[in-house]
1. Could you list all residues from the stretch 61-73 that are within 9 Å of the ligand (Cβ to nearest atom) and either more than 13 Å from Gln109 (Cα to Cα) or among the charged types (D, E, K, R) (or both)?
2. For Arg189, only one of the following conditions fails: (1) under 20 Å from Thr268 (Cα atoms); (2) open to solvent by 70 Å² or more (accessible area, probe 1.4 Å); (3) of a type in the set (D, E, K, R). What is its number?
3. Can you confirm whether the stretch 64-83 contains a residue that is open to solvent by 20 Å² or more (accessible area, probe 1.4 Å) and under 26 Å from Leu359 (Cα atoms)?
4. Which of (1) part of a loop (DSSP other than H, G, I, E, B); (2) open to solvent by 20 Å² or more (accessible area, probe 1.4 Å); (3) not hydrophobic (A, V, I, L, M, F, W, C) does Pro54 not meet, given it meets every other one?
5. Which residue, of Leu430, Leu435, is part of a loop (DSSP other than H, G, I, E, B), open to solvent by 30 Å² or more (accessible area, probe 1.4 Å) and modelled with pLDDT of 95 or more?
6. Search the stretch 140-149 for residues being open to solvent by 20 Å² or more (accessible area, probe 1.4 Å) and modelled with pLDDT of 95 or more, and hand back the single one that is nearest to Val384 (Cα to Cα).
7. Return the residues of the stretch 151-162 that are closer than 17 Å to Asp108 by Cα and either surrounded by fewer than 21 Cβ atoms within 10 Å (Cβ to Cβ) or within 15 Å of the ligand (Cβ to nearest atom) (or both); say none if nothing qualifies.
Amino acid sequence: MEPVQRWWEHAVGYEIYIRSFADGTGDGIGDFPGMLDRLEHLAWLGVDIIWVTPFYASPMRDWGYDVADYTAIDPTYGSLDDFDAVVARAHELGMRVLIDIVPNHTSDQHQWFREALKGPDNPYRDHYIWRDAPADGSLPNNWVGYFGGPTWTLDEASGQYYLHLFLPEQPDLNWRNPAVLDAFDDILRFWLDRGVDGFRVDVAQAMVKDAELRSNPQIAPSDESMFRWDQWNAFEHRHDILQPESVDIFRRWNRIAEEYDALLLGETYDLVQMDKLDRLVSGGDAIHVGFWFGAMHMEWNAEQIRAAFDLPLTNISAGLGWAQDSHDEHRSVTRFGGGDLGRQRALSLTVLLMGLPGLPFLYQGQELGLESGVIPPEAKLDPVGDDDPNSGRDGTRTPIPWEPGPGMGFTDAASTWLPFGGRTDADTVLVQRELPSSSLHVHRELLAVRKGLGEIATEPLKWIADVAGDLVAFRRGAIAFVANVGDEPTELPVDGTVLFRSGDGSGATLAADEAAIVRIG
Ligand code: GLC
């Protein structure tokens, strides 16, 4: 068996949504000083890699995914010294640090865009994507944005439109301009020189656009009143995303990353165009690991789970990142029915993700078995999805409950940027640490069991033959990962020693919604 080649190959990652992780300065908003004090929790849990969401100077229209300066820390989150302290402490604790780089777009407050707005002759104009307003009053093309609605905003001064796949305050960069490439080389090196271990690349699938900005083929009716994903899915995304030239950027970044033994983890968001996605990650010589999002878009259904794993495993030739929760989706406990039922199912899915070839990520609070927080309409802050209770992202972004008490150990402030959303004492880290049967301890045990299975890192996934129905069952070498997705108890499809189980079955019987890790033989 080949040994593990790279430091991320048998690792477990953890996403920190900085605004809601821990507040060290008493303003009700998470920050680096708060994070510093809580890193030990993650080391205790068994995390190898943390990914920190954007903390750069930002007007916060998209809560930091609108960057005004890629090498400055937003004062809300602390200083560069505070950042350095977090990186140093994480390293001391044996954890690597990935930061979120946002290269598809900047904030409209970024110096480059402010210059670009000065007119077509400005040297920064071509950092962004502009088109003359068509004489017939139409838009330059038919692209719809990820947040719904058109992707073009008129700059009245010049009579030209600029492109944005997200908010108008997030103008898309022009990755066909070599000056943009050069600028990002320097940005990557700035952070690598400060000791980060790699980058999560935001919106990696969309950075390069069709050179002629051709309209996409429309495959269903679409209008702005529709839910944003329905608008998106009404088009074949032939010209706006997944352009073949993207891989040249990532190969260039790969050469920089390799100088530092750093990881490029892509937000390679697409669930449909597998051949193009595979070309984007190009066998791992560009982006090392591409996130696959299928586990966030399926029901608690064995067929759907098998398909969500099989599709990328059979079509993508690079490393895969797996996550069931993030700062962008409702928490899986909520999606799978909420309460104890949802918790049990979400945990069983995590057991399976821990068995897949690739890099699994937990999202903060997942280890506590948290549901999405409940946000009253007047407290909503996410710029998207306000009209659809299932599409807003605030519920997954509520502050982490660390301890019982008014600020829940998250803050000393009287109020928080988003409400806690209904957390109880039983949700807190402190209470769960005292309780051996808690979600927190069970997740910790799961991570420890997986860590002990380094032998699987180089073993391909093989579906356990003859297993269908409500069982999801695969093996990596001699280790089987099995989940019972049905409502009735069932027998394990393999003989062996149970190393971990997520529910209250016993012996060779898996309870409903229970998953297990088994050493075969
Ligand atoms: C990614 C982020 C999301 C953000 C978007 C625009 O999808 O995960 O939170 O809104 O990019 O940057």
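The values are calculated or read from the model by the stated rules, or taken from the named source; none is laboratory data. In this text, all values refer to a predicted model and were calculated from it rather than measured experimentally. Cβ atoms come from the backbone with ideal geometry, glycine included; neighbour counts cover every protein chain shown. Protein only, heavy atoms only, side chains kept; ligands, DNA and RNA dropped before computing areas. Shrake-Rupley method; radii C 1.70, N 1.55, O 1.52, S 1.80 Å.
1. Asp62, Trp63, Asp66
2. All conditions pass for Arg189, except number (1).
3. No.
4. (2)
5. Leu435
6. Asn142
7. Listed by number, the residues that qualify are Thr151, Thr153, Leu154, Asp155, Glu156, Ala157, Ser158, Gln160.
Table: residues versus (1) surrounded by 20 or more Cβ atoms within 10 Å (Cβ to Cβ); (2) under 15 Å from the mean Cα position of the chain (by Cα).
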site	(1), (2)
Glu9	no, no
Ile18	yes, yes
Gly26	no, no
Asp31	yes, no
Met35	yes, no
Ser58	yes, no
